[in-house]
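A.B. asks: Here it is, the structure in full.
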Amino acid sequence: MSQDLLERKWSNFFRHFDADGNGFIEHEDFVQRGAQVAAAFGYATETAAAQAVTAGFQRVWESLVGNLDADGDGRVSRAEFTGGMTVFAGEDRYQDLFQPAIDALLAMGDADGDGQLSRSEWVRLQVGYGTPETDAEYTFGLLDTDGSGYLSHDEISAATRQYFTGTDADAPGNSLYGPLA
C-alpha cells in the first residue's frame with residue numbers, strides 16, 4: 001500500500017505540472033504554470049512581482065530537471081519522475097530536490113511579504129497550479145496544523161515532505177495538490 005500511495009501522489013503532481021498534457025514535464029510547462037500563478041495574483045507580466053514568480057518557477061524547474069532528467073533530453077518523463085522520486089524517497093534526499101521548491105513557493109505566494117501564506121494567498125497559488133479552488137480551500141484547512149489561519153514555512157515543508165516521501169495514508173500533506181484521484 002505504501003508504494004501505491006506514493007505513486008498516486010507523484011502521478012497527481014506530474015499531472016499538475018505537465019501543463020500541456022504531452023506526457024513530459026518540460027521547461028515550457030513551468031513557464032506556463034508560472035504565468036498562470038502570476039495571473040492568479042493579478043501581476044502584469046512586466047512587473048517585478050511577475051518576474052519573481054517566473055524566477056521561482058525557474059529555480060524549481062532547474063532542480064527538477066537537474067535531479068530527475070535521467071536521459072539528459074531536457075525534459076522529465078513520467079517514468080523518469082517516478083524512478084527518480086523512488087530513489088529520492090528511499091534515500092531521504094527530499095531536501096535536495098524540494099527545498100528550492102518550498103522557498104520559491106513562499107516567495108511566489110506571499111503577496112504581503114509576511115513570511116507565511118494566508119488562506120487567500122494559498123488558494124490563488126494553488127489555482128495557478130491548476131488545483132480547483134474548492135480543493136485548495138479544503139487543503140488549506142488540513143495543512144494549517146497549528147490553526148493560526150496561515151501556512152508557515154514549517155507547515156509547508158512538513159506537508160511537502162509528507163506528500164513526496166510519506167506513506168501514512170492519513171497525513172495532511174497527502175492533499176497538498178488537492179484530493180488524490
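A.B. asks: Please provide three numbers in whole Å: the alpha-carbon extents of the chain along the principal axes, with the largest listed first.
C.D. replies: Computed over the Cα atoms, the extents are 38, 36, 26 Å.
A.B. asks: Return P(r) of segment 89-156 (all Cα-Cα pairs; 5 Å bins starting at 0; whole %; ordered from short to long distances).
C.D. replies: Per 5 Å bin, starting at 0, the Cα pair percentages come out as 3, 18, 26, 24, 18, 9, 3, 0.
A.B. asks: Just to verify a number: what accessible area does GLU7 come out at with the full protein assembly present, 1.4 Å probe, Å² rounded to tens?
C.D. replies: Counting only protein heavy atoms, the figure is 80 Å².
A.B. asks: Can you sort THR47, THR160 by solvent-accessible area, 1.4 Å probe, largest first?
C.D. replies: The most accessible residue leads, giving THR47, THR160.
A.B. asks: In percent, what relative contact order does the chain have, based on Cα pairs under 8 Å that are 6 or more apart in sequence?
C.D. replies: 26 percent
A.B. asks: Solvent-accessible area of SER157, probe 1.4 Å, all protein chains present, reported in Å² to the nearest ten, please.
C.D. replies: 20 Å²
The values are calculated or read from the model by the stated rules, or taken from the named source; none is laboratory data. Note that the structure is predicted; figures quoted are calculated from it, not measured. For accessibility, only protein heavy atoms count, side chains too; no ligands or nucleic acids. Shrake-Rupley method; radii C 1.70, N 1.55, O 1.52, S 1.80 Å.
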